[in-house]
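Laboratory data are not the source of any read-out in this text; all were calculated from the coordinates shown. From a predicted model like this one, the values you see are computed outputs, not experimental measurements. Note: ideal-geometry Cβ built from the backbone for every residue, glycine included; neighbour counts use all protein chains shown.
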Amino acid sequence: MSKVAIDCEALGERERAALEGTLSAAVKADIPLVLELLFVSEEEIRALNARERGVDSVTDVLSFPAAELEPGSPISSADHEECVEMPPEGGEGEPRMYLGSVAICTARAQAQAEEYGHSYAREVCYLAVHGFLHCLGYDHEREDMKRVMRAKEEELMATLGLTRE
């Protein structure tokens with residue numbers, strides 16, 4: 001197990017701790033990891049989607065992995081030195097590896113929560129888990145990859161106590 005820290009000012013302490021614990025149990029690394037979680041408007045996510053993916057539309061979540069990782073494989077900081085953040089000189093802390101950023105559209109999360117009949121908090125956690133898995137190299141472009149990613153999402157959501165029921 002590796003420590004995953006979530007960098008997000010908008011997330012409550014309890015939610016952050018629950019997500020960090022669940023995500024930490026899902027990955028093995030030789031260095032602490034950090035994931036940036038951003039909450040954005042429809043306009044912001046549309047602009048990001050257009051700029052980064054060439055798709056001019058609103059979406060619920062976008063992930064920006066810092067490195068190309070192999071899903072399910074241990075993470076070696078030596079293989080991804082460009083992602084390792086050192087503490088400031090003379091500062092406290094230890095080196096950690098930046099996994100990437102996940103942008104969640106709050107309006108889409110709210111609409112989807114209502115559509116699926118569950119809480120906004122559950123939807124935000126699902127989108128954070130989904131984005132985290134993308135940063136670890138998981139994808140859903142092919143059906144076989146989609147099954148693996150969906151199973152991992154369900155496993156992590158169950159750990160959070162946020163199943164579909």
**Prompt:** Helix 42-53 sits at what angle to the longest principal axis of the chain, using alpha carbons and giving 0 to 90 degrees rounded to 10?
**Reply:** 60
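Could you pull out the longest piece of the chain with no exposed loop trypsin sites (Lys or Arg not before Pro) in it, calling a site exposed if DSSP puts it outside H, G, I, E, B and it has at most 14 other Cβ atoms within 10 Å?
Values: sites that count: K28, R142, R164.
Here the longest segment lacking exposed loop sites spans 29-141.
Report the gain in length on full extension from A111 to A5: 0.36 nm times residue separation, minus Cα-Cα distance, nm rounded to one decimal.
Working: separation 106, 0.36 × 106 = 38.16 nm, distance 2.76 nm.
Here the answer is 35.4 nm.
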**Message:** Skipping prolines and chain starts, which residues have an amide H placed within reach, meaning under 5 Å, of the one on V55, given they are 5 or more residues away or on another chain?
**Reply:** A50
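Could you put I104, I6 in order, starting from the residue whose Cβ has the fewest other Cβ atoms within 10 Å?
Numbers: I104 25, I6 19.
Exposure proxy ranking, most exposed first: I6, I104.
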**Request:** Pull up all non-local amide H partners of I75: gap of 5 or more, or a different chain, and H-to-H distance under 5 Å with H placed in the peptide plane.
**Result:** K28, A29, D30
**Message:** At a 10 Å Cβ-Cβ cut-off, how would you order Y98, Y120, Y138, Y126, fewest neighbours first?
**Reply:** Y120, Y98, Y138, Y126
**Request:** Could you run the Karplus curve 6.51 cos²θ - 1.76 cosθ + 1.60 with θ = phi - 60° over the stretch 56-62 and give me ³J(HN,Hα) per residue in whole Hz, x for Gly and Pro?
**Result:** 8, 7, 7, 9, 7, 8, 10
